Structures are given as C-alpha cells and as structure tokens.
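The values are calculated or read from the model by the stated rules, or taken from the named source; none is laboratory data. Predicted model, so just to flag it, every value in this text is computed and none were measured. No Cβ is skipped: glycine too gets one built from the backbone with ideal geometry, and neighbour counts run over all protein chains shown.
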Amino acid sequence: MGSSYSRNNHSNNRRNIVQRTNENRKNAEKRQENETKNTLQDEMPHDEKQRENGYENAHSIILEGQDWKKDRKDNGENITFPDKNEADNRLVELKKKGRWKDYQIRSSDDKKTWWLEMANPQRIFRVAWTIDDGPHGVLTDEMKSEGLNGLKQVTWYIQRNKLYGKEAAFKKLKAIQDKGGEIAIHSFHPTQDHATWFPVAAKANTSKAYSTPYEGKSENVITKDLGDFNSELKRYGIKVKFVRLPGGLTSELEVYAKTLGLTDAEKIRKIKKSIVAKEDVSSYGKEAIQMQNDFNTLKAKLSELDLLEWSGTFDPLIITTNSWQAETSGVKSRDDSTTHKISLGASEPGSKTDPKQAGIYERKLDQMEKENKSSASLVILAHDSSTADAKAVAEDKKEMERLAEIRGVVIKYETMSSLFKDVTGNDAANYDVKY
Ligand SMILES: [Zn+2]
C-alpha cells in the first residue's frame, strides 16, 4: 500500500501504545464499556438491501483489478494447489481463522489445479475516517499522505478560525471536496480555536479544552456564527452537511452545567442524558431547563440550516453523546480505542488474549461473525493536530486492513455522506433535517 512505516517504527509505536494504554487503561475501559454498548447496538437493519447494492462498489474500491473471489495471499496472488488434499488442508487453516463460512473448494476441469473460492459475497465493513481540528498547513498534508495513505473518502471537521480571511485555505478545502472528500464543521467562532457551542464561562472550563468567547451570550447569538460560517463555506462552493461539537456534545453540556453552577456529577450526568433523550428535565431545576432550551435552540438552528449531528446510527435524527464511535489518537491524553495493538490478534479465533483488550473495530468484526451479519460500520475520530496522530491513523488503518483480510471482510472507505446513504438509505445532500 506504499506506507512508509518500517517494521522498526511499527514496533516502537507498538511499545508506545502499550505504555499509553496501561496509563489510560482504567479510564478508557470504563468509557469504552458505555460507548461500546451504543456502538454495537446501531447495526443497520436492512442488510439484505445492502447485500444487493453494496458489495460491488466495495470490491471495486479495495480489490480493484483482482479476482477477489479466489483465495489469495496478502499481496493479492491467487493460492492454488496441485491436488484436493492440499486444498482440504487449506480449508481447515481458513476455518481456524474464521473465514470458513465464505469458502468452497473448486478445481479446473482437468482436476490439475485446485483452489478455494468464496461461496457468497464477502462481508463488508464501512469505515468513515473523520479528522477534527484542521485545516492545518503542514499537518493536514501529513495526515493525508502519511496517515491516510492518500485515501480520498475522508471527512474533515474543520475550524473557522483556521480559515478566517484566508482565501487560499478555502480553496484548498474546495479541492479536497472536488476529489471526493467531505468538509464538515467542528467550530465556528471567527478567531478562537475550539470555541464552545454553549455560553460557557471561562471559570467552568477547568480542563482548558475550549475557548470561551461566548460567555454570557445567548444561544441565538452563538448559533448565528454557525450560520455565518455555513454561508461563508457555501460562497466557496463547499457544501457542509455534518457538524461535530468541539468536545463532543456530552462534554460541552458538562461544562455548560458547571457554568450554571451545578456541581453534583451524578445529577449532571442524568440531566445530560435526559436532554439528549428529549425527556422532561424540569424536575432538575431551572439550570437544567436552560440547558435544554439552549440545546433546543441549537437543534432548531441545525434544522434551519439542514445540518446533521450524526454518528452512524440507523435513524438519521438520533443524536448521540459523541458523533463518533471509536477514536484513533497518537496523543497520550486522548482515547485510542479503534484497535488495540497491545492485543494484536486478540479477536482472532483461538487467541488466548483477553478479548476485552480488543478495540472497537475488532469487537465489531467479532460481532459480525457471531451474528452472521453481512455488514457493519464505524465512524472513527482522529485529529489533524500532530505527527503522532498521523502515525496512529496509519497504524490503525493498516491493522484494520490486515484483520479484514484474515476475516474475508472487505473494507469500504466512506465519507459521512456516503456512509449516511448506505446506513440510512437517505441522500445526505437532500435530507431535510427536522430535529
Ligand atoms: Zn477538536
């Protein structure tokens, strides 16, 4: 695939990941327990439809020019045998690896050449790489070439302050869109990085994860900037459909609750949950009501602009706490839950490694096999903010492709819009958002 990472780099990165994973294990596991629950529940119910129209595209993207039905080596070379015995042995080997459902033994008419072939279409795994925080002069190019290995079907959740007044930067984004990529909105304040989407006070922003230029402002004033940024992008021909809050919805609601003086963590958790679930929060007091009102103002603006806060669920209008399902990160403080190099192969049948150490991708592969599903999907968050992040993306992408190969699964890379189409059956561009 032309990746520039050598084996040495690979094992260095692996050591780093082991170290980091140990440090963050406890937190990550707790969070993952909750998130995996959501993640694993949102499989699409209309697999049958996709069986008809999804596979052909997938094959042409990943296995272009290859006779994908035939058993093959990782380099794409077909595997053949001079007699049936050897083919039988190969089938046993593949069964051990979990590919047995899809293969049957075939031979040439003269019985001199034997091989294994898929009896049914392969399973398909839809992967949407979504990259936050850019655009960034040098790092975006690094993420594109080193991280994503030139992959075009990627969604870039961008920040307005990185573009403001820079015509060339807008044109670069338009070029990404023209080549098959997608632009989405991450933050919209003209000059501040990661400005919160709620009127958060500086003093509540203890983690310093945000900037707080909207302190004391009304939600209407804040969301006007969202509208302005959307129009600005439109003027350059950039069509946005998806948005993602700077810290994800759940952590933004958290700092907003603290702004309003709430301190009880359990109470805040319940309020957040109820607000996202559209439940009545009046019993929690006036702060909860204000949070809900402001969230409703935001949703009304999203509806007016036809923008979606979507994480890959079957129902287009379900808002989840995060607009991603797994994260790939090279930075210590962040989650790195897509694959777990520490348990390389943990999900492969016969492995002695604790399956809990598997990443969300691996768990989804397991689930697909266990439930005999023909497809699955994953929205992965990564950040356009360091060389280590680009390296982590390259590692995970390679590892996911390796595991897919072993399982007889085809990965189809998606933008959020193409994933939306495949998962919900709706055309994103024309989807009328009514939150
Ligand atoms: Zn961000």
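Quick notes on this one:
- Any hit, segment 161-171, residues being assigned to a loop (DSSP other than H, G, I, E, B), over 21 Å from the mean Cα position of the chain (by Cα) and either in contact (Cβ under 8 Å) with a residue 40 or more places away in the chain or within 16 Å of the ligand (Cβ to nearest atom) (or both): yes
Condition check ((1) closer than 30 Å to A175 by Cα; (2) at pLDDT 55 or above; (3) surrounded by 12 or more Cβ atoms within 10 Å (Cβ to Cβ)) across all residues:
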{"residue": "E43", "(1), (2), (3)": "no, no, yes"}
{"residue": "G54", "(1), (2), (3)": "yes, no, yes"}
{"residue": "E86", "(1), (2), (3)": "no, yes, yes"}
{"residue": "L91", "(1), (2), (3)": "no, yes, yes"}
{"residue": "K97", "(1), (2), (3)": "no, yes, yes"}
{"residue": "N120", "(1), (2), (3)": "no, yes, yes"}
{"residue": "I124", "(1), (2), (3)": "yes, yes, yes"}
{"residue": "D132", "(1), (2), (3)": "yes, yes, yes"}
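- The selection criterion, being within 16 Å of the ligand (Cβ to nearest atom) and in the same structural domain as S417 (by TED's automatic domain parsing), holds for I185.
- Scan segment 193-226 for residues that are within 16 Å of the ligand (Cβ to nearest atom) and either under 24 Å from the mean Cα position of the chain (by Cα) or closer than 26 Å to G237 by Cβ (or both) and the total you get is 8.
- Candidate set from segment 250-273 (those that are of a type in the set (G, A, S) and at pLDDT 95 or above); member that is surrounded by the most Cβ atoms within 10 Å (Cβ to Cβ): A257
- Candidate set: segment 380-414, residues that are among the β-branched types (V, I, T) and either farther than 12 Å from W129 by Cβ or out of contact with any helix residue (DSSP H, G or I) (no Cβ under 7 Å at 6 or more places or on another chain) (or both); chosen: the one modelled with the highest pLDDT: I380
- Listed by first and then second residue, the pairs linking a residue in segment 94-113 that is more than 14 Å from E405 (Cα to Cα) to a residue that is part of a loop (DSSP other than H, G, I, E, B) and at pLDDT 80 or above, with Cβ atoms under 7 Å apart and 6 or more places separating them unless they lie on different chains, are S107/T113; K112/P82; T113/T80.
- Of residues in segment 124-160 being farther than 26 Å from A376 by Cα and polar (S, T, N, Q), the one nearest to the ligand (Cβ to nearest atom): Q159
- Long-range neighbours under 8 Å by Cβ, at least six apart or interchain, first residue touching a residue at least 24 places away in the same chain (Cβ under 8 Å) within segment 270-283, second among the acidic types (D, E) and assigned to a helix (DSSP H, G or I): K272/E254
- Scanning segment 110-126 for residues that are in contact with a helix residue (DSSP H, G or I) (Cβ under 7 Å, 6 or more places away or on another chain) and either of a type in the set (A, V, I, L, M) or outside any strand (DSSP E or B) (or both) gives L116, M118, A119, N120, P121, Q122, I124.
- Breaking point among (1) away from the ligand (no atom under 15 Å from the Cβ); (2) touching a residue at least 40 places away in the same chain (Cβ under 8 Å); (3) touching a helix residue (DSSP H, G or I) at 6+ places or on another chain (Cβ under 7 Å); (4) not polar (S, T, N, Q), for V255: (1)
- A394 being within 16 Å of the ligand (Cβ to nearest atom), assigned by TED's automatic domain parsing to the domain that holds S337, farther than 13 Å from F125 by Cα and not hydroxyl-bearing (S, T, Y): no
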